[in-house]
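Scroll down for the structure; my scribbles are underneath it.
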Amino acid sequence: MRVDRRSVLVAGTLLAASARFPAFAAAPAKPLTAAQESRIAALIRAMTLDEKLGQMTQIAGGRQIALNSRLDAAALDRVRAGRVGSFLHVAGAEPLQALQRVAVEESRLGVPLLFAMDVVHGYRTIFPVPLAMAASFDPDVPRQAARVAATEASVSGLHWTFAPMIDIARDARWGRVVEGAGEDPYLGARIAVAQIDGFQTANLAGGDAMLACAKHIGAYGAAAGGRDYDSAELSERTLRETYLAPFHAAADAGVGTMMTAFNDLAGVPTTGNAKLVRGILRQEWGYQGLVVSDWNAILELMAHGAAATPAEAAALALRASVDMDMTSDTYADHLGTAVAADPSLLPLVDEAVGRILAAKARLGLFDDPYRFGDAARESAVLGSANHRAAARRAAERSIVLLRNEGETLPIGRDRKIALIGALADDASSTLGSWRARGQADDSVTLRQALGEVANVEYVPGAAPRSDDQGGITSAVAAASRADVVVVALGEDYDFSGEARSRSDITLPGAQTALIEALRGTGKPIVAVLMNGRPLALEEALTGIPAVVETWFLGNESGHAIADVLLGQVSPAGRLPMGIPRRSGQLPMSYAHAPTGRPANPDLSVDSARYRDVDIGPLFPFGHGLSYSRFAYSSLEVSARDDGKQTRFTVAVNVRNTGSVEADEVVQLYVRVPVAGLARPVKELRGFARISLKPGQSRSVTFTLGSDQFAYWDDGWHVAAGEVECMVGASSDDIRQTAVLTLPRSYAVADGALAGAALATGVTIG
Ligand code: NOJ
């Protein structure tokens, strides 16, 4: 259904009364069969209001760190009474099959339960954190990670993961940047779609797939000051072009569920935002999937000041089209009161229940409620050798070489290495912030891996969580005995993630003192950064010739880093978020507007910059070095108009001019220089990670449509005129340029994908 955009503004009053049961409109999702639709309709007719509200209720069966710990007698009685539709923080084939049996055999209507968990970057086999996998600039990496995670989680009885987190974030003070794909909506949309594909596959009922959840719609990553849960104050243009683009792409890719954000957007709490959820997501984009609130967020509508009573909060969330209440019991306990006062809410309850039952049907749970979970296979599947191999490959591909002066890296096999820093042997931190059932004992640290293959003396020196400088003397002594110093610096895993915002993102603890002391030894130093967010490291890294960003890389962390340090693998990751010089530069993005007085290095000129810090980031978006070198040539563009939009090709040749086989990430940026309003100085619109032997050349051809240059101005518009096209190795290393011409101005149809949500075709010759 397409609606007039203006009518979306009052979407709360535009609610379709019909309770047609959702067929998934998005591309790869199979529509429900007629039999499934009529079964769902019959169930809804048979349900009491309490049973309907039960379906709309998700309760915690445990805690994140104590799964299943709340599956007590009261919880089981609730299942028997049909007063719960889903559990989260539960796991395990046996306990979940037993729990499902209670729902199916002991409740009046026998509706199966949905079992959910945050399976974010692995279940038992832990992959790099999502920000790291985005740095691979290879959507196949997060796709494979999601595939492995879904295989492991589904054999353990889970149906639904709260991933991917696809919030764009331009402020690294926000601790949740670790969970997303960084600052760019184009990269974010591609990574989002890849993860959805990996979790869901083409057959959700196949038994080794799971429902994905795109979260947290709409501008959670724009929280003021980088403070988690805080308000987002955005123009509709920025909301549409930047923050919503990955969500539109996810809806189009058939993501089964979405989660609303905790925060408010321009004063409207998202969980009660009818304009956003029922309006943009459902009516404008046609999204039919299940929408779940975040934890306790429906009740928190009162804390926001949007509702006076729990019944008002429940009605607000329902009107916004939030189908399921995560843990607050506001629907279960108070939506009945709201419905009694206003019976027009009842069709909305039926719609919500229909979407929840549709999700269960798509998983095949009405045909076989026990198809997920296989206790006999669980131990063979979890942490299998194949899964470990995939995790190692993902870790290798996520590492970013930031600086390599004088070819400090790779380190020669005969060198004596002083390995310093507590993070180098912190197995727990390799697991990142969402560790599901991952175990620190399964992780290989840098100390272990490097110690197996090189001549290493390890000294902790300093740790992120301690101001104790007592270990620095022995670190300096070890450095003096070595040929090269490798120092692990950064944050431990618990500095980033939910509610882990920091105002000053420099090195915590005694690490600054440690690096200062090591600099004093005069030895060549390799800084190995371990962190869940970009840190502000200008001062810390001054004079350090080699710097490698390794994030938190999962179980195979140590092996992957050692392979890069010793040259077994040439690094090719790229930054999915720029690294600031100082915390005070945030928020920032390479894709800023030009301004009337662009930043000028000359301080006597009044310009858009800080006086006390150099212009721009320390390392820009898209930056990453290699052990080889690449030459770009022969950029060619062509255009063809099909009457609706103009199709462009942008082709470039890339040659490995170095002496080792290596990957290069070819990046395409565009800029519309004149559009009647200010457009970003650069926007990513394509990338390709290619592998080249020494001397080898390849062509990379990007295929775009003019809808990808659309901007939001109360609707998507394309303006006739020129588009600057920039191809290079990072947002700050453009090697070739060309100009495309948009022949016509036009408006993109309401609800159609536009801008960063659309994918560019890539052909490698
Ligand atoms: C709160 C977080 O914001 C959300 O991302 C997560 O999925 C839920 N808790 C459930 O753990």
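The order of Thr57, Thr242, Thr327, going from fewest to most other C-beta atoms within 10 Å of their C-beta, is Thr327, Thr57, Thr242.
Using +1 at the Cβ of each Lys and Arg and -1 at the Cβ of each Asp and Glu in the chain, identify which of Ser293, Leu507, Gly490 lies farthest towards the dipole's positive end. Ranked along the dipole, the leading option is Ser293. By the gyration tensor of its Cα atoms, with a ≥ b ≥ c the square roots of the eigenvalues, what is the shape of region 623-765: rounded for a/c under 1.5, prolate for a/b over b/c, or oblate? Prolate, since a/c reaches 1.5 and a/b exceeds b/c. Within the same chain, lysines fewer than 8 places from Lys416 are excluded, and of the rest, those with a Cα less than 21 Å from its Cα are Lys523.
Computed from point charges on the beta carbon alone (+1 for Lys and Arg, -1 for Asp and Glu), the dipole magnitude for region 104-209 about its Cα centre is near 80 Debye.
Cross-link partners of Lys52 among lysines, defined as those whose alpha carbon lies under 22 angstrom from its own and excluding same-chain residues fewer than eight positions apart: Lys360.
Considering only beta bridges that DSSP places wholly inside region 392-585, some 15 percent are antiparallel.
In this simple spin-label model, placing a label point 7 Å from the Cα along the Cα-to-Cβ direction at both Ser607 and Asp140 gives a separation of 4.2 nm. Placing unit charges on the Cβ atoms only, positive for Lys and Arg and negative for Asp and Glu, gives the chain a dipole magnitude near 1220 debye about its Cα centre.
An oblate overall shape is assigned to region 27-98, the ratio a/c of its alpha-carbon gyration tensor axes (a ≥ b ≥ c) being 1.5 or greater and a/b not exceeding b/c. As a ratio to 2.2 N^0.38 Å, the alpha-carbon radius of gyration for region 392-585 is 0.93. Which helices, counted as full DSSP H runs in the chain, have an axial Cα extent of no less than 15 Å and a Kyte-Doolittle average of -1.0 or above? Helices passing the filter in the chain: 34-46, 93-106, 140-155, 185-200, 346-362.
Is the shape of region 365-416 rounded, prolate or oblate, going by the alpha carbon gyration tensor and its root eigenvalues a ≥ b ≥ c, with a/c under 1.5 for rounded and a/b larger than b/c for prolate? Taking the square roots of the gyration eigenvalues as a ≥ b ≥ c, region 365-416 is prolate.
Among 455-465, 84-94, 715-725, sorting by the average number of other beta carbon atoms lying within 10 angstrom of each residue, highest first, gives 84-94, 455-465, 715-725. From most to least packed by mean Cβ count within 10 Å, the peptides 335-341, 752-758 give 752-758, 335-341.
Spatial offset of region 89-129 relative to region 584-630 amounts to 47 Å, using the alpha carbon center of each.
The average projected area of region 538-611, computed from the convex hull of its Cα atoms over all directions, is 7.4 nm². For the chain, the residue among Pro369, Phe702, His248 whose Cα projects farthest onto the positive side of the dipole built from Cβ charges is Phe702.
Arrange the following residues from fewest to most other Cβ atoms within 10 Å of their Cβ: Val141, Val613, Val526. Present the calculation step by step, with values, prior to reporting the outcome.
Values: Val141 29, Val613 15, Val526 23.
The fewest-first ordering by Cβ neighbours comes to Val613, Val526, Val141.
Taking the helices alone, the chain has a mean residue ellipticity at 222 nm of -7000 deg cm²/dmol, built from -39,500 (n - 2.57) per DSSP H run of at least 4 residues and averaged over all its residues.
Say the dipole of region 514-657 comes from +1 at the beta carbon of Lys and Arg and -1 at that of Asp and Glu; which of Ala572, Ala639, Gly622 then lies farthest toward its positive end? The residue sitting farthest along the positive end of the dipole is Ala639. Of all DSSP bridge pairs formed entirely within region 11-377, close to 15 percent run antiparallel. What separates the Cα centres of region 255-286 and region 378-453 is a distance of 39 Å. The charge dipole of region 619-720, taken about its Cα centre with unit charges on the Cβ of Lys, Arg, Asp and Glu (plus for the first two, minus for the last two), comes to roughly 320 debye.
For the chain, the share of DSSP beta bridges that are antiparallel, to the nearest 5, is 60%. Taking trypsin sites (Lys or Arg not before Pro) across region 180-236, none is in a DSSP loop with at most 14 further Cβ atoms lying within 10 angstrom of its Cβ. Ranking of Met577, Met326 by neighbouring Cβ atoms within 10 Å, starting from the fewest: Met326, Met577.
Bear in mind these aren't lab numbers, they're just calculated from the coordinates by the rules spelled out. Remember, predicted model here, so these are calculated numbers, not experimental data. Heads up, the Cβs are rebuilt from the backbone with ideal geometry, glycines too, and the neighbour counts pull from every protein chain shown.
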